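All remarks here apply to the structure that follows.
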Amino acid sequence: MEFAKVNVEVRAGMGKGGSRKVRAAGKVPGVVYGRKIEPVAVTFDEKELLNSLDKEKKRNTVLKLAITGGGKSEEVTAMVREAQINPLSRRLIHVDFLRVDLDAEVHVTVPLVLTGKAVGTTDGGNLHQSLHVIPVAAKPAAIPTKLEVDVTPLKIGDALHVSDLKLGEGVRALLDPRDAIASVVAPKAEKVEAEAAPVEGAVPAEGAAGAAAPAAGAAPAAGGKGAAAAPAAAAGKEEKKGK
């Protein structure tokens, strides 16, 4: 099987200082590691690497690295394991290449694409996608570009799970088969915040703010301060009459 070829050169300078010199020279620093072989610090041309990546597989593209340096040269099969990108310029800062064996599985993530229109959405339901990528294990040449699943049969309350995915031969999902990947849920009920207006003529609850004051001349409640004062006043009058 043919793989895109990328030329890389062994670099001696390690650390941040060495990486800065590499970038100043118009190259990108990187490292090739894996398969229990001593990591090799390398440099490469950014444009050459980007042009070599499959437009759909992207970092899951299997590459043939031609490593030269120190009077030696070798070709290794590898994949991009990690790529650091400058958030402003969007240029590559550093790339880790993983050596791979074409006869051994590698763990990667593959995009999940939903196709069709769920029946439940025509009944007012909302389609919810729980996962957008699926971690899988597969031999490098068997890694799928993407995983597709048809959501057309889904009604409100229905869901699709990892077990419903159609994986290619030699590909297995690294998730629980019961994990949901998409579902159709009922629309959320709208919350109506109605403020109850006070009923005209309603008597306020006891102790409520704004309770009406006793009418003028009304007899004070039994046991209140006013009730105790009345007998005292009457007793005073009787005493004066006696004098």
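Some observations on this one:
- Semi-axis lengths, Å, region 8-150, gyration tensor of Cα atoms, sqrt of 5 times eigenvalues: 37, 19, 11
- Legend: distances between Cα atoms for LYS117/LYS146; LYS58/LYS117; LYS146/LYS166; LYS36/LYS146; pairs beyond 23 Å are LYS58/LYS117; LYS36/LYS146.
- Per residue accessible area in Å² of region 31-184, where ligands, DNA and RNA are left out and the probe is 1.4 Å: 56 Å²
- Over 19 Å (Cα to Cα) - which of LYS21/LYS55; LYS27/LYS47; LYS64/LYS139; LYS5/LYS47 fall in this group: LYS21/LYS55
- If the segment from ASP164 to ASP176 were pulled out straight at 0.36 nm per residue, it would be longer than the present Cα-Cα gap by 3.2 nm.
- Amide H partners (placed H, <5 Å) of LYS155, local residues excluded: GLY120
The values are calculated or read from the model by the stated rules, or taken from the named source; none is laboratory data. Only a predicted model underlies this, so the values are computations on that prediction, with no experimental measurement involved. Areas reflect the complete protein model, heavy atoms only, side chains present, ligands, DNA and RNA absent. Shrake-Rupley method; radii C 1.70, N 1.55, O 1.52, S 1.80 Å.
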